[in-house]
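Colleague: A single structure is presented below for examination.
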Amino acid sequence: MSTLTTSPAPPLPADGLPISSPQRTLTVALAGNPNAGKTTLFNALTGLRQRVANYPGVTVERKEGFWSLSPDAPPARLIDLPGLYSLDAASLDEQIARDVLTGRASSHTPAPDCVVVAVDATNLARNLYLVTQLLEIGRPLVIALTMFDLAARQQDTELDVAELEEALGVPVVPVVTTQRCGLDALAAAVWRAAQEGASPGAGWRLSARAEEEIASLARGGRGEADESNARLCSLAGARYAAMIELYAEELPQDAERRASVEGARSRLAAADPRWWQEPVLARYDWIEQVAARAVRAKRGAAAERERTPTERIDRVATHKILGPLVLLLVMLVVFQAIFSWAQLPMDLIDHGFGSLGDVVRASMPAGLLTDLIVDGVIAGVGGVLVFLPQILLLFLFISLLEDSGYMARAAFIMDRLMRGVGLHGKAFMPLLSSFACAIPGIMATRTIENPKDRLATILIAPFMSCSARLPVYTLMIAAFFTGRKVFGVVSVGVLIIMSMYLLGIVVAVAVAWVLKHTILKSPPPPLVLELPPYRMPSFANVVQTIYQRASMFVRRAGTVILAISILLWALVTFPRAGAPAQGDGERVQPSANAREAETVQPAAGASNVAESAGAQTSGDKGEQIRNSFAGRLGRLIEPAIRPLGFDWQMGIGLIASFAARETLVSTLSIVYNVDDGGEQSGSLIEAVRNARRPDGRPAWTPLVAVSMMVFFVLACQCMSTVAVVKRETNSWRWPLFMVSYMLALAYVASLVTFQGGRLLGFS
Amino acid sequence: MSFNFQRKIAQPVAPHAPAPAAVGDETCLNCLPHGVGARVVGVSGDGSIARRLMEMGVVPGARVRVIKAAPLGDPLEIRVRSYHLALRRSEAEAITVVAGD
Ligand SMILES: Nc1nc2c(ncn2[C@@H]2O[C@H](COP(=O)(O)OP(=O)(O)O)[C@@H](O)[C@H]2O)c(=O)[nH]1
């Protein structure tokens with residue numbers, strides 16, 4: 001059985017490369033349990049010298065940075081592995097971590113010269129489990145004992161670092177990452193370990209029967225053709241490879257190999273039905289022996305533990321009645337921030353780009369190129385950046401909630417409800433975020449481990465009414481429902497907006513249920529969720545997280561939105577009708593006028609996209625639009641959208657709004673010839689109210705407005721969302737599926753609304 | 001293809017576990033009154049969940065205590081190996097414990 005062997009296993013050969021050559025760039029992998037302080041450590045070690053990418057072909061994020069270990073050598077590559085409790089299970093994260101650690105992933109990541117594992121000093125036993133597995137792999141290992149400040153303050157126990165080092169056989173460096181203490185010592189220890197290239201190996205053995213099976217599997221014929229296996233053997237030792245094969249949940253691909261593994265398993269199972277538990281139990285046995293040496297009960301410590309601060313906070317935060325109230329309060333604050341605090345910077349950005357456009361237009365010769373730069377490029381970039389304040393704020397809150405440990409409590413409270421529709425408690429926060437913007441919401445689904453649950457969450461996230469729908473709702477309400485009250489007090493407008501939010505939620509729940517019972521069928525996801533102690537988030541860490549997320553958003557979604565804006569600009573501009581326009585012709589701002597909401601919110605004051613309207617008359621503009629590609633498209637789809645109550649002008653708006661929802665407002669102002677200069681607050685509303693069909697009937701009625709809003713609740717009209725879903729799922733299949741099923745739902749719901757409304761006598 | 005026929009077998013008392021004081025006291029974690037200390041006897045149930053629980057430290061011999069249930073009655077918050085873990089009642093059912101330290 002498991003024994004604490006004192007003689008270390010011989011060091012394993014390291015990768016065949018000359019390790020002493022001072023110029024070689026070392027590769028260091030950073031592992032650790034979730035909540036062990038790994039992210040903070042990674043950020044502290046690499047600063048801003050880091051890169052975020054995906055592992056090839058999968059959606060697991062890969063962070064990499066540079067870390068100076070020694071003044072005489074180039075900085076080492078530090079690879080941040082996913083946060084893990086174990087290396088054994090079949091989850092994607094664990095597989096990738098195992099591949100990187102054993103050098104199997106060497107096509108993109110060389111085998112690490114040294115592995116640093118963040119071990120939470122306040123939670124030693126469970127954190128050491130991962131360490132036991134890393135010891136088995138046999139790479140040089142250094143332990144960064146994080147949260148050492150918190151451990152030192154613990155009343156009941158005392159940690160003896162020297163003894164721990166001795167018992168584990170690897171260097172242990174206590175660090176307080178948040179105060180940057182111990183980082184130099186860590187670098188020195190890693191440098192030394194990488195030079196020596198030695199590992200003590202695993203300090204325990206399994207039962208004689210299991211060891212025999214492993215040994216015979218390790219000896220067993222391994223085709224040299226199976227290159228990855230051969231690599232695994234040479235690096236981590238045949239014993240380790242055989243052990244993984246024997247205890248993994250899946251069987252090897254190779255038929256011959258599979259037969260021998262199956263044989264070994266059934267022999268072990270015959271002797272002991274719980275044979276598969278043996279490695280786990282052996283590791284924990286060993287951990288207990290290590291802990292017995294290194295952790296001492298403090299003398300005079302009270303027999304009964306005092307309540308920790310975390311337990312005191314949780315008496316409120318997860319209390320039967322107070323808990324949900326606190327959660328509600330947290331949500332309120334987040335929403336308040338996203339909707340009102342973000343307003344000022346958003347206006348500033350919008351005005352900034354507006355003025356930039358004006359300056360460029362004034363200083364460049366009039367013509368197509370100027371139009372392209374102003375209406376396409378500047379407007380397009382502005383249209384993306386205008387959402388940045390909301391996204392920054394949202395990520396500020398998400399990272400505060402996550403780092404402090406509250407996010408796990410939210411999942412704990414909401415799990416029961418979420419499970420009702422087959423989702424995981426962890427889906428709650430991403431969905432909540434989606435009320436601000438689906439993009440960060442979808443990015444936040446990464447915490448959900450089961451790919452099917454994650455996908456289901458991604459697919460319903462866009463139903464949450466995001467801030468980009470608000471301009472549309474506001475315009476419709478302002479045009480048709482202002483001043484009306486129900487029972488004399490409740491404004492109809494507010495009721496309608498609330499129903500729109502509700503509609504999105506109800507449909508999301510229904511779709512989630514359907515998805516989880518059909519194409520994404522999987523057993524109800526287990527919830528094994530750590531509730532970490534509450535911790536003060538580190539400022540530097542929060543800033544860095546926000547910075548990474550924001551730059552990712554700007555880079556990736558930005559490129560797509562930019563391309564689409566230019567395309568839309570072209571669609572409304574070509575073919576040119578009649579004489580080439582002078583000055584500012586059709587001023588189309590596909591996604592730029594995100595803040596066009598101002599147009600319909602008199603309180604927001606005059607928007608500064610003001611510019612002297614050019615020489616063209618409104619009539620020319622209208623004609624140009626009608627004959628442009630966009631106008632033709634609008635008329636082309638008119639038969640399809642007429643049953644929903646829409647005409648071709650709205651059709652242009654719909655088409656344009658597939659790039660970004662709020663584009664509807666700016667497109668409508670172009671289509672209806674609303675001059676976008678001057679005090680236009682009321683003008684678009686007036687134009688919408690006065691728009692007529694060829695037969696003289698009003699184009700818009702309250703019913704059409706409601707139908708339009710319903711369409712906007714359900715349709716996935718957001719290029720950035722599509723781009724992010726593509727990125728997160730690594731295929732076009734899911735984004736296309738999402739766009740089409742949401743479009744179908746939106747169409748049907750709009751049809752039912754409009755036709756049903758007419759039957760009921762509304763107009 | 002997948003191999004889990006053996007893992008479904010419920011078996012208390014693992015070879016490494018100290019023998020429980022009184023076998024009659026065995027109960028499942030789900031049935032344990034809140035706040036009462038207990039020791040794990042065994043984990044049964046579906047392979048991957050049982051394995052995950054054990055890897056998180058819920059192994060025979062470990063001390064556990066149910067802290068509270070979530071506001072809607074499920075999941076449970078338990079304390080094991082000096083940290084806190086949330087798990088559903090259905091998962092807690094698979095954990096056999098014996099009350100007392
Ligand atoms: N007191 C203290 N807090 C820390 C230390 N390292 C990290 N933290 C905090 O612990 C929390 C979790 O850290 P994080 O790096 O996000 O953990 P991860 O899940 O392993 O990436 C954050 O609030 C950090 O600010 C440390 O050495 N001392």
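Colleague: With the requirement that a residue be surrounded by 15 or more Cβ atoms within 10 Å (Cβ to Cβ), within 38 Å of the chain's Cα centre (by Cα) and either touching a residue at least 40 places away in the same chain (Cβ under 8 Å) or away from chain B (no Cβ under 12 Å) (or both), what does segment A:242-271 give you? Spell out how you get there, then give the answer.
Modeller: Initially, segment A:242-271 is screened for residues surrounded by 15 or more Cβ atoms within 10 Å (Cβ to Cβ), giving A:242-249, A:251-252, A:254, A:257-258, A:260-261, A:264-265, A:268-269.
When the remaining residues are screened for being within 38 Å of the chain's Cα centre (by Cα), the result is A:242-249, A:251-252, A:254, A:258.
Hits for segment A:242-271 are A:242, A:243, A:244, A:247, A:248, A:249, A:254.
Colleague: Examine segment A:381-404 for a residue that is under 28 Å from residue A:541 (Cβ atoms), of a type in the set (Gly, Ala, Ser) and surrounded by fewer than 24 Cβ atoms within 10 Å (Cβ to Cβ), and state whether such a residue exists. Reasoning before the result, please.
Modeller: The first filter runs over segment A:381-404 and keeps only residues under 28 Å from residue A:541 (Cβ atoms), leaving A:384-404.
Next cut, of a type in the set (Gly, Ala, Ser) only: A:399, A:404.
Subsequent filtering for residues that are surrounded by fewer than 24 Cβ atoms within 10 Å (Cβ to Cβ) retains A:399, A:404.
Yes.
Colleague: What do you reckon, is residue A:165 part of a strand (DSSP E or B), on the phi < 0 side of the Ramachandran plot and either open to solvent by 10 Å² or more (accessible area, probe 1.4 Å) or among the β-branched types (Val, Ile, Thr) (or both)?
Modeller: no
Colleague: Which of the residues belonging to segment B:53-87 are under 23 Å from residue A:420 (Cβ atoms) and at the interface with another protein chain (Cβ under 9 Å from one of its Cβ atoms)?
Modeller: Result: B:68, B:69, B:70, B:71, B:72, B:73, B:74, B:75, B:77, B:85, B:86, B:87.
Colleague: Tell me whether segment A:190-200 contains one or more residues that are open to solvent by 10 Å² or more (accessible area, probe 1.4 Å), within 16 Å of the ligand (Cβ to nearest atom), assigned to a helix (DSSP H, G or I) and touching a residue at least 40 places away in the same chain (Cβ under 8 Å).
Modeller: No, every residue in segment A:190-200 fails to be open to solvent by 10 Å² or more (accessible area, probe 1.4 Å), within 16 Å of the ligand (Cβ to nearest atom), assigned to a helix (DSSP H, G or I) and touching a residue at least 40 places away in the same chain (Cβ under 8 Å).
Colleague: Go through segment A:176-186 residue by residue and tally those that are part of a helix (DSSP H, G or I) and either among the β-branched types (Val, Ile, Thr) or away from the ligand (no atom under 16 Å from the Cβ) (or both).
Modeller: Pass one, segment A:176-186, residues part of a helix (DSSP H, G or I): A:177-179, A:183-186.
If we keep only those that are either among the β-branched types (Val, Ile, Thr) or away from the ligand (no atom under 16 Å from the Cβ) (or both) too, we end up with A:177-178.
Number of matching residues: 2.
Colleague: Further, regarding this structure: Just checking, does segment A:502-513 include any residue being more than 14 Å from chain B (Cβ to nearest Cβ), free of Cβ contacts under 8 Å to residues at least 12 places away in the same chain, closer than 27 Å to residue A:413 by Cβ and not β-branched (Val, Ile, Thr)? Give the derivation first.
Modeller: Residues of segment A:502-513 more than 14 Å from chain B (Cβ to nearest Cβ): A:502-513.
Adding the requirement that they be free of Cβ contacts under 8 Å to residues at least 12 places away in the same chain leaves A:502, A:506, A:510.
Retained after the next criterion (residues that are closer than 27 Å to residue A:413 by Cβ): A:502, A:506, A:510.
Subset that is not β-branched (Val, Ile, Thr): A:502, A:510.
Yes: one or more hits.
Colleague: I'm trying to understand the selection: among the residues of segment A:123-148, which are near the ligand (Cβ under 9 Å from one of its atoms) and either more than 19 Å from residue A:45 (Cβ to Cβ) or over 31 Å from the mean Cα position of the chain (by Cα) (or both)?
Modeller: None - no residue of segment A:123-148 is near the ligand (Cβ under 9 Å from one of its atoms) and either more than 19 Å from residue A:45 (Cβ to Cβ) or over 31 Å from the mean Cα position of the chain (by Cα) (or both), so the list stays empty.
Colleague: Of these, A:278, A:288, which one is of a type in the set (Asp, Glu), part of a helix (DSSP H, G or I) and out of contact with any Ser or Thr (no Cβ under 8 Å at 6 or more places or on another chain)?
Modeller: A:288
Colleague: Condition (residue is away from chain B (no Cβ under 14 Å), touching a residue at least 60 places away in the same chain (Cβ under 8 Å) and not in a helix (DSSP H, G or I)) applied to segment A:377-384: is it met by at least one residue?
Modeller: Pass one, segment A:377-384, residues away from chain B (no Cβ under 14 Å): A:377-384.
Still in the running and touching a residue at least 60 places away in the same chain (Cβ under 8 Å): A:377-384.
Keeping just the survivors that are not in a helix (DSSP H, G or I) gives none.
Checked against the condition, which is being away from chain B (no Cβ under 14 Å), touching a residue at least 60 places away in the same chain (Cβ under 8 Å) and not in a helix (DSSP H, G or I), segment A:377-384 yields no hits at all.
Colleague: Do you know which of the residues in segment A:390-411 that are away from the ligand (no atom under 11 Å from the Cβ) and within 14 Å of chain B (Cβ to nearest Cβ) is farthest from residue A:534 (Cα to Cα)? It would help to see each step written out before you state the result.
Modeller: At the first step, the residues of segment A:390-411 found to be away from the ligand (no atom under 11 Å from the Cβ) are A:390-398, A:409-411.
With the extra rule that they be within 14 Å of chain B (Cβ to nearest Cβ), the set shrinks to A:409-411.
Values: A:409: 10, A:410: 13, A:411: 15 Å.
My answer is A:411.
Colleague: On to the next question. Among the residues in segment A:525-542, are any more than 11 Å from chain B (Cβ to nearest Cβ), of a type in the set (Val, Ile, Thr) and closer than 30 Å to residue A:45 by Cβ?
Modeller: For segment A:525-542, residues more than 11 Å from chain B (Cβ to nearest Cβ), of a type in the set (Val, Ile, Thr) and closer than 30 Å to residue A:45 by Cβ: present.
Colleague: For residues in segment A:205-240 being modelled with pLDDT under 80 and hydrophobic (A, V, I, L, M, F, W, C), which is nearest to residue A:129 (Cα to Cα)?
Modeller: Here the answer is A:236.
Colleague: Residue A:274 passes all but one of (1) modelled with pLDDT of 75 or more; (2) surrounded by fewer than 19 Cβ atoms within 10 Å (Cβ to Cβ); (3) out of contact with any Phe, Trp or Tyr (no Cβ under 9 Å at 6 or more places or on another chain); which number fails?
Modeller: (2)
Colleague: With a cut-off of at least 2 residues that are within 11 Å of another protein chain (Cβ to nearest Cβ) and in contact with a Pro (Cβ under 7 Å, 6 or more places away or on another chain), name the strands (runs of 3 or more DSSP E) lying wholly within segment A:96-162.
Modeller: Numbers: elements: A:114-120, A:141-146, A:157-159.
Result: empty, no element qualifies.
Colleague: Just the residues that are at pLDDT below 70 and part of a strand (DSSP E or B), please, taken from segment A:45-60.
Modeller: The answer is A:53, A:54.
Colleague: I'm trying to understand the selection: among the residues of segment B:43-87, which are surrounded by 23 or more Cβ atoms within 10 Å (Cβ to Cβ), without any contact (Cβ under 8 Å) to a residue 24 or more places away in the chain and over 20 Å from residue A:127 (Cβ atoms)?
Modeller: Those that are surrounded by 23 or more Cβ atoms within 10 Å (Cβ to Cβ), without any contact (Cβ under 8 Å) to a residue 24 or more places away in the chain and over 20 Å from residue A:127 (Cβ atoms): B:70, B:75.
The values are calculated or read from the model by the stated rules, or taken from the named source; none is laboratory data. Note that this is a predicted model, so its numbers are computed, not measured. In this analysis, Cβ positions are derived from the backbone assuming ideal geometry, glycine residues included, and neighbour counts consider all displayed protein chains. Remember, those area values only see protein heavy atoms, side chains included, never the ligands or the DNA or RNA. Shrake-Rupley method; radii C 1.70, N 1.55, O 1.52, S 1.80 Å.
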